[in-house]
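Comments concern the structure below.
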Amino acid sequence: MTDLFQFDADLELEQPGCQDSGDPPAATGDLEKWAEDQLADDSTALFFDIETGPAPEDQLQAMYHEKTLEEFSATCDKRWKPDTVAKKYEEYKAGAWEQFVGKAGLSATTGRVLLIGLLRDGEFAGIINDDERATLTAFWEIVANALDAKRRIIGHNSNGFDLPFLVRRSWMLGVHVPREVRRGRYWDPLCVDTMEAWGCGSRDFIRLNDLGQYFGVGQKTEGFAGKDFHKYWFGTAEQRQLAIDYCEQDVRLTAAIAGKMGLV
């Protein structure tokens with residue numbers, strides 16, 4: 001087992017200060033100080049967030065199915081005239097592929113893990129590797145260490161999205177998932193989800209941004225749409241840094257919210 005932020009030599013690790021990333025996002029200022037105040041040296045919490053994107057285009061093309069006119073017609077309002085159906089079908093075909101790609105990153109069957117952001121004791125690091133298998137392997141090693149140390153692993157909607165996505169991608173790629181992560185029907189109690197905690201036993205979907213605003217601890221990076229993460233990630237070096245900054249802001253916001261909820 002390795003310590004947090006110790007990875008194989010071929011893994012690229014991004015940390016603040018490793019390169020000139022310019023001024024921090026506007027929403028980061030007070031939030032960073034608040035999170036660091038909450039995360040004293042004796043903190044046992046590990047915060048994380050994943051960023052996903054669509055699978056490579058050749059893989060998506062193999063999975064893509066465009067409805068035939070007959071299939072499309074079966075989903076239409078029966079009162080529509082044939083020419084209306086034909087017009088709607090052409091509109092569907094014009095945007096179907098783009099819509100498919102846009103949603104691909106939300107499913108482990110059509111998406112992949114691009115970045116995993118981690119925060120512990122106020123220090124942020126990103127697991128970055130073009131080999132998704134290596135990224136997942138490094139993450140599960142960190143998780144295994146955290147569980148052995150009885151350290152809470154905290155995310156937002158992490159039990160509903162992040163962990164299931166990571167597990168399913170790991171199954172696909174043959175990456176070992178620590179057995180302790182999932183105990184039968186339930187996640188290990190150390191896997192804490194701020195959305196679940198907010199629900200207080202009910203299913204109450206609430207966005208990270210809304211919780212940050214509610215508790216007055218900051219908000220997500222302004223002007224950056226999560227659905228476009230992969231476009232920044234595979235763009236210029238400056239765009240990739242913006243993507244990393246976006247992930248860091250999400251993780252720090254999660255930490256601040258967890259502190260307000262008494263989860264750390």
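The values are calculated or read from the model by the stated rules, or taken from the named source; none is laboratory data. All values derive from a computational prediction rather than experimental measurement. Cβ: placed from backbone, ideal geometry, glycine included. Neighbour counts: every protein chain shown.
It is to be established whether one or more residues within segment 83-97 are under 30 Å from Asp148 (Cβ atoms) and either surrounded by 13 or more Cβ atoms within 10 Å (Cβ to Cβ) or in contact with a Ser or Thr (Cβ under 7 Å, 6 or more places away or on another chain) (or both). Step through it out loud before you land on a result.
So in segment 83-97, the residues under 30 Å from Asp148 (Cβ atoms) come out as none.
No, segment 83-97 contains no residue that is under 30 Å from Asp148 (Cβ atoms) and either surrounded by 13 or more Cβ atoms within 10 Å (Cβ to Cβ) or in contact with a Ser or Thr (Cβ under 7 Å, 6 or more places away or on another chain) (or both).
Here the condition is being farther than 30 Å from Ala197 by Cβ, outside the structural domain of Ala256 (by TED's automatic domain parsing) and part of a loop (DSSP other than H, G, I, E, B); of Asp77, Asp130, it holds for Asp77 alone.
Within segment 220-229, the set of residues being in contact with a strand residue (DSSP E or B) (Cβ under 9 Å, 6 or more places away or on another chain) and modelled with pLDDT of 95 or more comprises just one member, Phe229.
Among the candidates Ala243, Ala197, the residue that is in a helix (DSSP H, G or I), in the same structural domain as Leu119 (by TED's automatic domain parsing) and under 23 Å from Ala104 (Cβ atoms) is uniquely Ala243. Residue selection: Val217 fails the criterion of being on the phi < 0 side of the Ramachandran plot and in contact with a strand residue (DSSP E or B) (Cβ under 7 Å, 6 or more places away or on another chain). Here Thr135 passes the criteria (1) touching a helix residue (DSSP H, G or I) at 6+ places or on another chain (Cβ under 6 Å); (2) closer than 19 Å to Phe234 by Cα; (3) not basic (Lys, Arg) except the one numbered (1).
If we scan segment 176-188, do we find a residue that is at pLDDT 95 or above, assigned by TED's automatic domain parsing to the domain that holds Gln249, over 19 Å from the mean Cα position of the chain (by Cα) and within 25 Å of Pro54 (Cα to Cα)? Yes, some residue in segment 176-188 is at pLDDT 95 or above, assigned by TED's automatic domain parsing to the domain that holds Gln249, over 19 Å from the mean Cα position of the chain (by Cα) and within 25 Å of Pro54 (Cα to Cα). Give all pairs with beta carbons closer than 6 Å in which a residue from segment 96-122 that is assigned to a strand (DSSP E or B) meets a residue that is among the aromatic types (Phe, Trp, Tyr); count only pairs at least 6 apart in sequence or on separate chains. These pairs meet every condition: Leu114/Trp233; Ile116/Phe139; Leu118/Phe48; Leu119/Phe47.
For Phe124, the stated conditions do not hold, so it cannot be described as closer than 23 Å to Leu242 by Cβ and surrounded by fewer than 21 Cβ atoms within 10 Å (Cβ to Cβ).
Among the candidates Val217, Val192, the residue that is assigned by TED's automatic domain parsing to the domain that holds Ile50, surrounded by 11 or more Cβ atoms within 10 Å (Cβ to Cβ) and either among the small types (Gly, Ala, Ser) or assigned to a loop (DSSP other than H, G, I, E, B) (or both) is uniquely Val217. Filtering Glu238, Glu180 for residues that are among the acidic types (Asp, Glu), part of a helix (DSSP H, G or I) and more than 27 Å from Thr44 (Cβ to Cβ) leaves a single hit, Glu238. All of Ala149, Ala138 fail the test of being surrounded by fewer than 17 Cβ atoms within 10 Å (Cβ to Cβ) and either of a type in the set (Lys, Arg) or in contact (Cβ under 8 Å) with a residue 40 or more places away in the chain (or both), apart from Ala149. Only residues that are polar (S, T, N, Q) and farther than 30 Å from Arg151 by Cβ were counted in segment 43-59, giving 1.
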